[in-house]
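Written below as structure tokens is the structure these notes are about.
Derivation of every value follows stated rules applied to the coordinates shown; laboratory data play no part. For clarity, every value in this text was computed on a predicted model and none was experimentally measured. Ideal geometry is used to build each Cβ from the backbone, glycine not excepted, and the neighbour counts take in all protein chains shown.
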Amino acid sequence: MTIPEYDSVFRKKLFADQVALVTGGGTGIGRAIAHELAALGATVVVAARREEPLLETVAEITEAGGSADHVIVNIREADDVEAMVSAVVERHGRLDLLVNNAGGQFPSPAEHISPNGWRTVVDLNLNGTFLVTRAAFNAWMGEHGGSIVSVVADMWNGFPYMSHTGAARAAVANMTMSLAVEWGSRGVRVNAVAPGTIYSSGMSTYDEEFQRTAAQQSSRIPAGRVGTESEASAAVVFLLSRAAAFITGETLRVDGGGSLLKAPMVPVEAHRNMPTYEGFHLAREIPEEWLPQA
Ligand SMILES: CCCCC/C=C/C(=O)SCCNC(=O)CCNC(=O)[C@H](O)C(C)(C)COP(=O)(O)OP(=O)(O)OC[C@H]1O[C@@H](n2cnc3c(N)ncnc32)[C@H](O)[C@@H]1OP(=O)(O)O
Ligand SMILES: NC(=O)C1=CN([C@@H]2O[C@H](COP(=O)(O)OP(=O)(O)OC[C@H]3O[C@@H](n4cnc5c(N)ncnc54)[C@H](OP(=O)(O)O)[C@@H]3O)[C@@H](O)[C@H]2O)C=CC1
């Protein structure tokens with residue numbers, strides 16, 4: 001099958017002569033980003049733990065006329081990360097664009113997350129993102145400038161049943177602001193994209209029950225539907241590009257307005273387990289009909 005070139009809204013040679021590193025670039029949103037950047041002229045290095053998806057993405061990009069290769073990495077391992085970034089700079093002579101897309105988590109009530117489960121998710125989504133960002137700055141961007149975009153999540157109002165990733169992604173959004181200030185004078189812009197529910201191939205890593213929950217999100221999203229991998233990619237590509245030359249430290253929501261509704265992912269059960277505090281003797285008591293009915 002011939003792979004058609006990615007149908008980007010951006011102009012063809014936007015990233016000509018630039019080198020991009022996309023973590024988690026073998027699947028889902030990362031794969032779409034890798035395709036789009038390559039279609040816009042960048043040489044793209046995709047990196048993750050499993051080689052097969054990386055090889056497939058590289059083959060697809062090459063067949064579509066782009067330039068790509070891959071590196072195997074576990075971003076939770078500092079040595080791996082250093083080796084990955086060194087390999088990119090050695091092979092391609094530069095590193096202009098970094099997309100911290102690798103990430104993931106499992107749904108669980110907080111009280112059932114084991115200490116190691118919590119550490120694993122924070123290690124991946126926060127520490128791994130920091131390690132890659134730091135390595136890219138030290139190896140290239142600190143001297144030559146560059147643009148970094150991290151993919152976070154809709155953690156704006158907390159992330160019930162995903163508290164580990166919510167905490168880690170919020171920390172990345174905060175780190176994004178800190179680094180934007182620290183590295184502005186070095187010509188490095190640092191931004192993030194916060195996808196809501198995206199119908200990516202990554203969704204199939206979850207069990208059927210969670211996928212049903214995700215599918216039900218459509219009714220809570222002003223756009224009336226979940227998002228696509230391309231919609232997440234377009235936002236990342238915009239922030240990487242010169243069109244965003246005056247934007248740094250920003251986390252851009254790509255969620256069809258879903259985060260504005262403040263609706264929890266799961267309904268709040270009717271209960272009376274949080275008694276009111278009343279210190280004021282003249283206060284009105286909440287009438288029975290205003291209290292949750294079982
Ligand atoms: C409304 C919808 C919103 C959706 C928003 C987000 C969508 C997405 O992000 S799309 C998909 C992105 N992809 C993924 O999330 C990938 C799938 N997840 C994983 O691979 C794992 O969750 C991982 C991130 C934890 C990485 O796993 P791995 O390195 O293989 O870690 P281990 O299997 O060794 O486990 C370490 C530790 O974590 C505990 N654990 C793992 N999975 C679960 C689980 N499903 N439930 C409970 N605990 C889990 C595991 O038991 C280990 O802890 P200990 O047993 O205490 O050692
Ligand atoms: N789809 C959605 O609705 C949303 C997705 N996101 C985030 O967007 C990003 C892309 O997700 P999506 O495409 O949907 O899902 P995927 O599961 O397809 O993407 C996750 C990618 O991260 C890579 N990865 C995971 N752990 C590591 C690791 N330790 N080191 C290196 N690479 C790793 C995986 O490759 P490998 O396993 O081979 O290492 C995979 O390619 C993730 O950060 C995700 O959490 C955020 C909000 C919503």
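Look at segment 154-184 and say how many of its residues are in a helix (DSSP H, G or I), within 13 Å of ligand 1 (Cβ to nearest atom) and of a type outside the set (A, V, I, L, M, F, W, C).
Summing the residues that are in a helix (DSSP H, G or I), within 13 Å of ligand 1 (Cβ to nearest atom) and of a type outside the set (A, V, I, L, M, F, W, C) in segment 154-184 gives 5.
Consider only pairs whose beta carbons are under 9 Å apart and that are at least six residues apart or on different chains; among these, list those whose first residue lies in segment 72-87 and is touching a residue at least 40 places away in the same chain (Cβ under 8 Å) and whose second residue is polar (S, T, N, Q) and in a loop (DSSP other than H, G, I, E, B).
VAL81/ASN74
Return the residue satisfying two criteria in turn: it lies in segment 71-95 and is buried (at least 20 other Cβ atoms within 10 Å of the Cβ), within 19 Å of the chain's Cα centre (by Cα) and not in a helix (DSSP H, G or I), and of such residues it is nearest to ligand 1 (Cβ to nearest atom).
ILE75
Does GLY256 satisfy the criteria of being touching a residue at least 40 places away in the same chain (Cβ under 8 Å), assigned to a loop (DSSP other than H, G, I, E, B), out of contact with any Leu (no Cβ under 7 Å at 6 or more places or on another chain) and within 16 Å of ligand 2 (Cβ to nearest atom)? Don't jump to the end; show me each part of the working.
Values: touching a residue at least 40 places away in the same chain (Cβ under 8 Å): yes; assigned to a loop (DSSP other than H, G, I, E, B): yes; out of contact with any Leu (no Cβ under 7 Å at 6 or more places or on another chain): yes; within 16 Å of ligand 2 (Cβ to nearest atom): yes.
In short, yes.
What's the number of the only condition in (1) surrounded by fewer than 16 Cβ atoms within 10 Å (Cβ to Cβ); (2) within 14 Å of ligand 2 (Cβ to nearest atom); (3) without any contact (Cβ under 8 Å) to a residue 60 or more places away in the chain that THR120 fails to meet?
(1)
Specify the residue that is surrounded by the most Cβ atoms within 10 Å (Cβ to Cβ); the eligible residues are those in segment 12-33 that are within 24 Å of the chain's Cα centre (by Cα) and assigned to a loop (DSSP other than H, G, I, E, B).
Step one: list which residues in segment 12-33 are within 24 Å of the chain's Cα centre (by Cα), which gives 14-15, 18-33.
Going one step further and asking which of them are assigned to a loop (DSSP other than H, G, I, E, B), we end up with 14-15, 18, 24-27.
Working: LEU14: 19, PHE15: 26, GLN18: 20, GLY24: 27, GLY25: 32, GLY26: 24, THR27: 23.
The selected residue is GLY25.
Would it be correct to say that VAL193 is within 15 Å of ligand 1 (Cβ to nearest atom), closer than 19 Å to ASN100 by Cβ and surrounded by 23 or more Cβ atoms within 10 Å (Cβ to Cβ)? If you could, list the steps in order and put the result at the bottom.
Working: within 15 Å of ligand 1 (Cβ to nearest atom): yes; closer than 19 Å to ASN100 by Cβ: yes; surrounded by 23 or more Cβ atoms within 10 Å (Cβ to Cβ): yes.
For VAL193, the condition - within 15 Å of ligand 1 (Cβ to nearest atom), closer than 19 Å to ASN100 by Cβ and surrounded by 23 or more Cβ atoms within 10 Å (Cβ to Cβ) - is met.
Do we find that GLU36 is part of a helix (DSSP H, G or I), more than 18 Å from MET141 (Cα to Cα) and not hydrophobic (A, V, I, L, M, F, W, C) in this structure?
Numbers: part of a helix (DSSP H, G or I): yes; more than 18 Å from MET141 (Cα to Cα): yes; not hydrophobic (A, V, I, L, M, F, W, C): yes.
It is true that GLU36 is part of a helix (DSSP H, G or I), more than 18 Å from MET141 (Cα to Cα) and not hydrophobic (A, V, I, L, M, F, W, C).
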